[in-house]
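Values quoted throughout were computed directly from the atomic coordinates according to the rules given, and no laboratory measurement underlies them. Since we're looking at a predicted model, the values are computed, not measured. Reconstructed Cβ throughout: ideal geometry from the backbone, glycine too, with neighbour counts over all protein chains shown.
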Amino acid sequence: MAKPAELNPDSPALEVRTPPKDAGPGKLAGPATWVDDRIGLAKLAGNIRKVFPDHWSFLLGEIALYSFVILLLTGVFLTIWFKPSMAEVEYAGTYELMHGIPMSEAFASTLSISFDIRGGLLVRQIHHWAAMLFVAAMTAHMLRVFFTGAFRKPRELNWIIGIGLFSMGLVEGFAGYSLPDDLLSGTGLRFVDGLVRSIPLIGTWAEFFIFGGEFPGELVIPRLYMVHILLIPGLLLGLISAHMALLVYHKHTHWPGPGRTNRNIQGYPFFPIYVAKAGGFFFIVFGVTILMGALMQINPVWLYGPYNPSQVTAGSQPDWYMGFVEGAIRIIPNWEWHILGTTWSWNIFLPGVGLMGLLFTGLALYPFIEAWITGDTSEHHLLDRPRNAPVRTAIGVAGMTAYAMFWLSGGNDIIATQFHVSLNAVTYFMRVAVFVAPVIAFIVTKRICISLQRQDAERVLHGSESGVIVRSPDGGFSEAHVPITPGEAYSLTRHPQPKALVPNGKKVGRLRRRLSAWYADGQLPKPTAAEIAGAAHHGAIEADHGTPAVDAGHDAPALEGSDAGDAR
Amino acid sequence: MNDPQTDLPVPDPGLEEHPPRFTDVDDAAADRAYKQIVGMLAAVPVLVVAFLVVYFAVPRDAELVLFGANLKMQTTLLGLTAGVATLLIGISAIHWARMLMSDEEIVGDRHGAASPPEARERVLTDLETGIEASGIRRRKLLGTGMAGALGMMALPAVVSLADMGPWPTAELRAKTIEKTIWAEGVHLVNDVTFTRLKATELVVGQLVNAQPETLQEYHGAALQQQKAKASIIVVRMDPNSIRIPESRRDWQVDGILCYSKICTHVGCPISLWEQQTHHLLCPCHQSTFDLGNSGVVVFGPAARALPQLPITTDAEGYLVARSDFTVPVGPSYFERDSSKDFQEGDR
Ligand code: HEM
Ligand code: FES
């Protein structure tokens, strides 16, 4: 046994070290000090009064985040009973209509969650509704970021992370949809089997590797289960953390307005306002999904029955977020190549793998393409109003239109029966529409943006319509205008306008020059200070000549005056 | 941080003044908001108790008719109580934030995303010092060797996935995706009742979903795999109204023809039969096949004709297969040239 070492009572090591007791404010000081002594909480937590701007469109990302949390919570509940096994069992549970029917354990356990576990059906339905909401909110959030230009420097990386989240969200949803092994999910899997098989060169190999042999085999559901509850949730969690960390680091963008600049951020403090608002909003989203789960049936798998490769329900459709791929698959001509004894199934590969690849690659690259075209290398923390970036907005709407056309094609049979036209006609129409409709959408959107710019300019120059019709001494009628506040006038005129690149010294390639000219083309130049002053002067003269100024407080649009303060 | 070049025709008037809220100036209004919030929070325990009562007292199979819809009572009531309770927590928190918490907007500074130049400088110097200290500059092979070694380790990681599935070599393909359990003499049976099909019992225009009689020997995954390939449809058409090519004269019995039910597009079971035109439509992506013309594609994304199963009758007049399918069923795949499958105009 080791002999205790001789202790030197004078050793400084024995001194009881007490940290200085400089207590913080109030009752919290005690526990806060305890934690801080150990992990340096004050250094870690940083600024809990961090500023976040307020706008409804910033809630979309929050909805996506919260529905992910709801999916984690409800998903864990489901794993308690779900059996990811394709082994055959004979059903003997409470759902009488299926007694004695052979089915996979996965399907049987889904029935058991739905009929035997109290609250099981509710949680299944919440899980499925939350999945729908998750993808929908991510999509809407992505569109918000796109149309307001929030993806610009320095946020390009966060945009790419977002695209990663979006694409993985689709895969995650598909994997979950496949788990119950009902007739619809099996049909979806068979579709994936064909899709994977169509990949040139490696298709058959990929198919055999994924399914562990021939379709359907008995491995794919256990494997998808791993993907669904471990692999992708893990990746999503990691990416979401990075997404949020970057958001905090960059600070949220804000809408332009008086006092808001590229160097400041205006809004409410995280603590306590956003703790209450965002925390409260989580409960609202959760409450709404619970109510949806309670009142709206979704995926009633017991009505579809277990997967049977020789059956299909008429009008079988994937969940909505896969509809665009489904549509593309339906309308593509049946192109197949035969080279040196091989078959290249473009009719499946292009609309399936190709279209998804195109969508995600295009989205991921967009910030870099736009920055290259505009030559813009500055940081942006103020959002664009969509009208002030007409070409970007038009590109976005064109993209949405193309997506919508593909998505509609996914219901070509329904359209044909609903509108009593032939299926062939709908299909041929859609083949043209996916190319033509986006072009039309582009042109129309750009025009609308520019006419909205014109409206803004009118407002700045002539004020807003007062709704008061006045009659001049010589008998003419006109509507009096009230000047707008300097704050509004500032908001309407502060935006930078895209300019065509001019090669000053540096070489600019021809393609780039053309693209940048195209990008800047057609915009309405915003009113200059001189024009605004001129219009104000004109208004003042009118007022002198007896046109009653509606806002009697001041007779000229106050913009001109140096003392903007009293104009309010 | 450099500002984007912006010309400002109107100068920035600065932050707008903050108008006080109703609850800031009117104590009675603030008290009302306070009561509302506390009231909502007080409803939560009530709803939680209701949830527990439902959980233990409402039988699982009780049904509830609400707005004409037949709802499962337990699911609906559990969801209603929990959902409304959750919603109330959320609404009260937001109400609190909007009505009673100070709503002074505050302004924070932004700094460019980039680190200050000194910091960059320092990290670069540190990096430089570190690299120097590692000796990698003088002994170059250290770096290359390490990178190469790490790179090579990707190989075992990737290669150990090679057993994810059997390799679809020509030999295995011939036993799996190129073969079904149809064979000479296998009876065609109805796919629900598994009774044999008698040629004389089929009427013109009729379509029957069928399976090989031998399917009953399979169970579980093997059953699903075989069914995914062997499912067929048997149709009887008027022999005078269809085209039967020379090579397929004896694949049919008096206008009774048999085709794979598995779509050559991505493999859905095809089901929609149009008697008049002899067209068979796939419900998944609407590929349409002409069963009166050897199953060629007349519309849609499928690129190959539907494989036809050669059939005949046995001594008692029951339909039997003459062989397996002559080409693989289901979607095309890379390793096989499908252009030699039956095409419009083949004889
Ligand atoms: C972003 C995340 C997620 C999405 C989009 C998603 C989506 C889905 C969908 C659509 C289903 C089919 C539900 C149905 O039966 O109607 C499903 C099932 C399932 N999910 Fe998720 N899920 C997600 C996350 C999770 C997580 C994190 C877990 C577990 C930790 C989980 C566990 C399950 C289980 C066990 C099932 C099968 C149970 C059943 O169908 O009854 N999910 N998921
Ligand atoms: S699977 Fe039949 S048309 Fe696609």
- Message: Projecting each Cα onto the charge dipole of the range A:317-476 (Lys/Arg +1, Asp/Glu -1 at the beta carbon, about the Cα centre), which of A:ALA425, A:ILE331, A:HIS381 comes out farthest on the positive side?
- Response: A:ALA425
- Would you mind working out the magnitude of the charge dipole of the range B:171-321 relative to its Cα centre, with +1 at each Lys and Arg C-beta and -1 at each Asp and Glu C-beta, to the nearest 20 Debye? 400 debye
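Which value, in debye to the nearest 20, gives the size of the charge dipole of the range A:59-321 about its Cα centre, when Lys and Arg are +1 and Asp and Glu are -1 at the Cβ?
1640 debye
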- Taking a straight Cα-to-Cα line shorter than 20 Å from B:LYS175, and setting aside same-chain aspartates and glutamates fewer than 8 residues away, one finds A:ASP193, A:GLU207, A:GLU214, A:GLU218, B:ASP163, B:GLU184, B:GLU213, B:GLU217, B:ASP324, B:GLU335, B:ASP337, B:ASP341
- Assigning unit charges at the beta carbon (Lys, Arg +1; Asp, Glu -1) and nothing else, what dipole magnitude in debye, to the nearest 20, does the protein assembly as shown show about its Cα centre? 1760 debye
- Query: Along the positive direction of the dipole of chain A (beta-carbon charges: Lys, Arg +1; Asp, Glu -1; about the Cα centre), which of A:HIS462, A:GLY61, A:ALA29 reaches farthest?
  - Reply: A:HIS462
- Query: Taking 0.36 nm per intervening residue step and subtracting the Cα-Cα distance, what contour gain separates B:TYR218 from B:LEU161 on full extension?
  - Reply: 17.6 nm
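Based on the Cβ-Cβ distance of A:LEU219 and B:ALA119, what FRET efficiency does E = 1/(1 + (r/R0)^6) give at R0 = 60 Å, to the nearest 0.05?
Values: r = 52 Å, r/R0 = 0.86.
Result of the calculation: an efficiency of 0.70.
Pop the C-beta distance of A:PHE435 and B:GLU274 into the FRET formula with R0 = 30 Å and round what comes out to the nearest 0.05. Walk me through the numbers on the way to the answer.
Values: r = 31 Å, r/R0 = 1.02.
After rounding to 0.05, the efficiency reads 0.45.
Give the shape of chain B as rounded, prolate or oblate, defined through the alpha-carbon gyration tensor: a ≥ b ≥ c are the square roots of its eigenvalues, a/c under 1.5 means rounded, and otherwise the shape is prolate if a/b is larger than b/c and oblate if not.
On the way: a/c = 2.76, a/b = 1.59, b/c = 1.73.
It is oblate, given that a/c is not under 1.5 and a/b is not larger than b/c.
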- Query: Which lysines, on any chain, are close to A:LYS507 with Cα under 17 Å apart, when same-chain ones fewer than 8 places away are left out?
  - Reply: A:LYS499
- Item | Packing-based order for A:368-378, B:16-26, using average beta carbon neighbours within 10 Å, highest first | A:368-378, B:16-26
- Between A:ARG118 and B:VAL49, how many nm apart are label points set 7 Å from Cα along the C-beta direction? 1.8 nm
- What order do you get for B:VAL44, A:VAL285, B:VAL297 when you list them from fewest to most C-beta neighbours inside 10 Å? B:VAL44, B:VAL297, A:VAL285
- Message: Give me Rg/Rg_expected for the range B:1-96, where Rg uses Cα atoms only and Rg_expected = 2.2 N^0.38 Å with N residues.
- Response: 1.94
- Which residue, chosen from B:CYS263, B:GLY205, B:THR277, occupies the Cα position most advanced towards the positive end of the dipole of the range B:171-321, where the dipole is computed from +1 (Lys, Arg) and -1 (Asp, Glu) charges on Cβ about the Cα centre? B:CYS263
- Item | Size of chain A as Cα extents on the principal axes (Å, biggest first) | 98, 93, 56
- Note on the structure: 1/(1 + (r/R0)^6) with r = Cβ-Cβ of B:ARG60 and A:SER464, R0 = 45 Å, i.e. FRET efficiency to nearest 0.05, evaluates to 0.15
- Query: Across 10 Å bins from 0, what is the distribution of all Cα-Cα pair distances for the range A:59-321, in whole percents?
  - Reply: 6, 26, 31, 20, 11, 5, 1, 0
- Item | Amide H partners (placed H, <5 Å) of B:LEU71, local residues excluded | B:LEU64, B:VAL65, B:LEU66
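Per residue of A:333-340, how many C-beta atoms from partner chains lie within 10 Å of its own C-beta, taken as a mean? Don't skip to the answer; put the middle values down first.
Numbers: counts 3, 10, 2, 6, 3, 6, 2, 1.
Whole-number average of other-chain Cβ neighbours for A:333-340 is 4.
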- Note on the structure: Filtered hits (lysines, Cα-Cα < 22 Å from B:LYS35, offset >= 8 within chain) -> A:LYS277
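Considering every Cα-Cα pair within the range B:36-168, what fraction, in whole percent, is farther apart than 27 Å?
Numbers: 5924 of 8778 pairs.
That fraction is 67 percent.
Taking the Cβ of A:LEU122 as the centre, find all other residues whose Cβ is under 14 Å away and add up their charges (Lys, Arg: +1; Asp, Glu: -1). List each step's numbers first, then the result.
Details: positive: A:ARG118, A:ARG124, B:ARG60, B:LYS72; negative: A:ASP116.
For residues surrounding A:LEU122, the net value is +3.
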- Query: So what are the ³J(HN,Hα) numbers for the range A:496-512, from phi and the Karplus equation (6.51, -1.76, 1.60; θ = phi - 60°), rounded to whole Hz, Gly and Pro as x?
  - Reply: x, 10, x, 10, 5, 6, 10, x, 9, x, 6, 7, 10, x, 4, 4, 5
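Going by C-beta contacts inside 10 Å, put A:ILE443, A:ILE63 in order with the fewest on the left. If you can, show how the numbers build up before the last one.
On the way: A:ILE443 12, A:ILE63 21.
Sorted ascending by nearby Cβ count, the order is A:ILE443, A:ILE63.
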- Task: For the range B:147-170 and the range B:43-114, write down the distance between their C-alpha centroids in whole Å.
- Result: 50 Å
- Item | Chain lengthening between B:GLN36 and B:ARG137 when straightened (0.36 nm per residue, less Cα-Cα) | 29.2 nm
- Treat the count of other C-beta atoms within 10 Å as a stand-in for reagent exposure and order A:LYS277, A:LYS506 from fewest to most. A:LYS506, A:LYS277
- How crowded by other chains is A:370-381, given as the mean number of beta carbons from other chains within 10 Å of each beta carbon? 2
- Built amide H within the under 5 Å cut-off of B:ILE311, gap 5+: B:GLN252, B:ARG322
- Query: In whole Hz, what ³J(HN,Hα) sequence does the range A:452-462 give by Karplus (6.51, -1.76, 1.60; θ = phi - 60°), x for Gly and Pro?
  - Reply: 5, 4, 4, 4, 4, 4, 4, 5, 5, 6, 10
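What is the range B:85-124 by shape, rounded, prolate or oblate, if you read a ≥ b ≥ c off the alpha carbon gyration tensor as root eigenvalues and call it rounded for a/c under 1.5, prolate for a/b larger than b/c, and oblate otherwise?
prolate
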- Query: So what J values fall out for the range B:15-25 if you push phi through Karplus, 6.51 cos²θ - 1.76 cosθ + 1.60 with θ = phi - 60°, rounded to Hz, Gly and Pro as x?
  - Reply: 3, 6, 5, 9, x, x, 7, 4, 6, 7, 9
- Message: Quick check on the range A:268-318: what does the Kirkwood estimate of hydrodynamic radius come out to from the alpha carbon pairs, in Å?
- Response: 14.7 Å
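Give me the mean projected area, in nm² to one decimal, of the convex hull enclosing the Cα positions of the range B:171-321. Can you show the working numbers first?
On the way: hull surface 37.0 nm².
Taking the Cα atoms of the range B:171-321, their convex hull projects to 9.3 nm² on average.
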- Inter-probe distance in nm under a simple model that places probes 7 Å from Cα toward Cβ, at A:THR342 and B:SER102: 7.0 nm
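Distance check, please: which entries in A:LYS153/A:LYS446; B:LYS198/B:LYS229; A:LYS83/B:LYS229; B:LYS261/B:LYS340; A:LYS446/A:LYS526 exceed 18 angstrom between their Cα atoms?
Numbers: A:LYS153/A:LYS446 24 Å; B:LYS198/B:LYS229 23 Å; A:LYS83/B:LYS229 27 Å; B:LYS261/B:LYS340 20 Å; A:LYS446/A:LYS526 16 Å.
Cα-Cα > 18 Å for A:LYS153/A:LYS446; B:LYS198/B:LYS229; A:LYS83/B:LYS229; B:LYS261/B:LYS340; rest within.
What length, rounded to one decimal in nm, is gained on full extension from A:THR361 through to A:ILE39, with 0.36 nm per residue of separation minus their alpha-carbon distance? Kindly include the intermediate steps, with their values, before the conclusion.
Details: separation 322, 0.36 × 322 = 115.92 nm, distance 4.22 nm.
So the extension gain works out to 111.7 nm.
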- Put a dot 7 Å past each Cα toward the Cβ at A:PHE477 and B:GLU16; how far apart are the dots in nm? 3.3 nm
